[in-house]
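Structure record follows, encoded as structure tokens.
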Amino acid sequence: MSITLADARLVTPGGVHPGWLTIEDGRITYVGQGQAPTGNGHGLGGRFVVPGFIDIHNHGGAGASFPQGDQEGAARATAFHAGHGTTTTLASLVTGSLADLSAATSALADLCEDGLLAGIHFEGPYIAAARCGAHDPGKLRAPDRGEFAELVKAGRGHVRMLTIAPELPGALDVIRDAVDAGVIAALGHSDATYEQAQAGIEAGGTVATHLYNAMPSLHHRSPGPIAALLQDERVTVELINDGVHVHPAMLKLAFQVAGAGRTALITDAMAATGVGDGEYVLGSMRVRVSDGAARLVEGGTIAGSTLTMDVAFRRAVQLAGLSLVEAAQVASLTPAKVLGIDDRAGSIAAGKDADLVVLSDDLRVEAVMKRGAWIAEPPAP
């Protein structure tokens, strides 16, 4: 089946230009500028087309939480985020017992095999007690190579990322094991010094889990992990651009230092996303959402977000000053490179999957396509 999308403003790595594209068997086969050569294409009325968003840190949505390991709920959460332009989702778990993590991992691995999820992310349990955020402090533990190997086995090849505090005893060995197993080592929820963070990077850490959050602040005599992670060209930094987690000035600082090539927008979304204010559970922790901000009932610590990737994209352009090309890179291409799937995702180019988001002039989602099939069809031009 062949589809032509015409009369669009295509946001590609080379710029934004009026053009058209053809799709066959779920892949983009041609990207052209100007007017499509035939008159039978699906006209988009000059709307923007960007690559499908790729969220590498997401705990759920639509009332469902990935850490629960409920397949029906996980499918519902993934579908909700897809409606907001996220065509590739990594399911993030939180600190839990080995039994609970193994069970959730095994259940979610089925959805990975079905192509619904792009993989599984362990955020914990090997994180610092002083920076555990919304994780259950009673279930934190020292990095354990044998236990990690069991979790990877439970994932049947679908464990894609591990967040770990590099200063913990045994952490560097587990980071090396993760890299050897094809798992991305992310440094975060950490109380590391600058030097300890550097050691984690040298061991194989290549991602900063939600930069700034759950780590010591920058200090001119004690730079801590933020400086190490921002400075190193091997590290991609995650940012939660929801207006709650990070001040816009610090977002701009990260963009200026790391650039679009080393910055990945994430949601860190939890079950309340798309549902509304109220009380929820994240792992074993009670969370209260008020005015869209999620915080622990006990203590008030920020507990994930209610963000969707389209909002993060729009804020990046309208509030942080990124160009459309840069915003598409941090929401799609850079996270695709983190996952090692940029050969088939992350940008609009011939040969890549037809994962596309159609946006209005004010950058609101009007249609989403995944592998050549409309999740939501665009309105008439």
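Looking at (1) in contact (Cβ under 8 Å) with a residue 40 or more places away in the chain; (2) open to solvent by less than 10 Å² (accessible area, probe 1.4 Å), find the lone condition where residue 289 falls short.
Condition (1) is where residue 289 drops out.
Inspect the range 227-236 for any residue being open to solvent by less than 10 Å² (accessible area, probe 1.4 Å), assigned to a loop (DSSP other than H, G, I, E, B) and more than 28 Å from residue 97 (Cα to Cα) and give the result as yes or no.
Among the residues of the range 227-236, at least one is open to solvent by less than 10 Å² (accessible area, probe 1.4 Å), assigned to a loop (DSSP other than H, G, I, E, B) and more than 28 Å from residue 97 (Cα to Cα), which makes the answer yes.
Would you check if residue 145 is open to solvent by 60 Å² or more (accessible area, probe 1.4 Å), in contact (Cβ under 8 Å) with a residue 12 or more places away in the chain and within 24 Å of residue 267 (Cα to Cα)?
Here the answer is no, as residue 145 does not meet what is asked.
When you look at residue 243, is it surrounded by fewer than 22 Cβ atoms within 10 Å (Cβ to Cβ), without any contact (Cβ under 8 Å) to a residue 24 or more places away in the chain, over 20 Å from residue 125 (Cα atoms) and out of contact with any strand residue (DSSP E or B) (no Cβ under 6 Å at 6 or more places or on another chain), yes or no?
When the stated conditions are applied, residue 243 does not pass them.
Could you tell me how many of the residues in the range 292-322 are more than 19 Å from the chain's Cα centre (by Cα), in contact (Cβ under 8 Å) with a residue 60 or more places away in the chain and part of a loop (DSSP other than H, G, I, E, B)?
3
Answer yes or no: is there a residue in the range 168-178 that is of a type in the set (Asp, Glu), in a helix (DSSP H, G or I) and surrounded by fewer than 24 Cβ atoms within 10 Å (Cβ to Cβ).
yes
Restricting to strands (runs of 3 or more DSSP E) lying wholly in the range 19-138: which have 1 or more residues that are open to solvent by less than 10 Å² (accessible area, probe 1.4 Å) and of a type in the set (Gly, Ala, Ser)?
27-33, 86-93, 119-123
Using beta carbons and a limit of 8 Å, which pairs, at least six apart or on different chains, have the first residue in the range 202-214 and without any contact (Cβ under 8 Å) to a residue 60 or more places away in the chain and the second one part of a loop (DSSP other than H, G, I, E, B) and not aliphatic (A, V, I, L, M)?
203/166; 205/166; 208/188; 212/245
Take the range 15-31 and flag every residue that is without any contact (Cβ under 8 Å) to a residue 60 or more places away in the chain and farther than 22 Å from residue 373 by Cβ.
Correct list: 17, 18.
Which residue pairs have Cβ atoms closer than 9 Å, lie 6 or more positions apart in sequence or on different chains, and pair a first residue in the range 79-101 that is among the charged types (D, E, K, R) with a second residue that is open to solvent by 40 Å² or more (accessible area, probe 1.4 Å)?
These pairs meet every condition: 100/139; 100/284.
Could you count how many residues in the range 195-211 are open to solvent by 30 Å² or more (accessible area, probe 1.4 Å) and either under 20 Å from residue 129 (Cβ atoms) or in a loop (DSSP other than H, G, I, E, B) (or both)?
2
Residues in the range 256-286 that are surrounded by 20 or more Cβ atoms within 10 Å (Cβ to Cβ) and touching a Phe, Trp or Tyr at 6+ places or on another chain (Cβ under 8 Å): how many?
6
What tally of residues in the range 243-265 results from selecting those that are in a loop (DSSP other than H, G, I, E, B) and farther than 25 Å from residue 340 by Cα?
Of the residues in the range 243-265, 5 are in a loop (DSSP other than H, G, I, E, B) and farther than 25 Å from residue 340 by Cα.
Tell me which of these residue 350 doesn't satisfy, since it passes every other one: (1) within 16 Å of the chain's Cα centre (by Cα); (2) among the aliphatic types (A, V, I, L, M); (3) surrounded by fewer than 16 Cβ atoms within 10 Å (Cβ to Cβ).
(1)
What tally of residues in the range 286-309 results from selecting those that are within 19 Å of residue 92 (Cβ to Cβ) and not aliphatic (A, V, I, L, M)?
7
Given the structure, is residue 162 under 20 Å from residue 282 (Cα atoms), buried (at least 17 other Cβ atoms within 10 Å of the Cβ) and free of Cβ contacts under 8 Å to residues at least 60 places away in the same chain?
Judged against the criteria, residue 162 is a match.
Here is a yes/no grid of residues against (1) at pLDDT 95 or above; (2) under 26 Å from residue 341 (Cα atoms); (3) of a type outside the set (Lys, Arg):
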{"position": "99", "(1), (2), (3)": "yes, no, yes"}
{"position": "116", "(1), (2), (3)": "yes, yes, yes"}
{"position": "144", "(1), (2), (3)": "yes, no, yes"}
{"position": "147", "(1), (2), (3)": "yes, no, yes"}
{"position": "159", "(1), (2), (3)": "yes, yes, yes"}
{"position": "176", "(1), (2), (3)": "yes, yes, no"}
{"position": "187", "(1), (2), (3)": "yes, yes, yes"}
{"position": "194", "(1), (2), (3)": "yes, no, yes"}
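The values are calculated or read from the model by the stated rules, or taken from the named source; none is laboratory data. All of these numbers come straight from a predicted model, not from anything done at the bench. Because the Cβ atoms are built from the backbone with ideal geometry, glycine has one as well, and the counts that use them run over all protein chains shown. Only protein heavy atoms, including side chains, enter the accessible area calculation; ligands, DNA and RNA are left aside. Shrake-Rupley method; radii C 1.70, N 1.55, O 1.52, S 1.80 Å.
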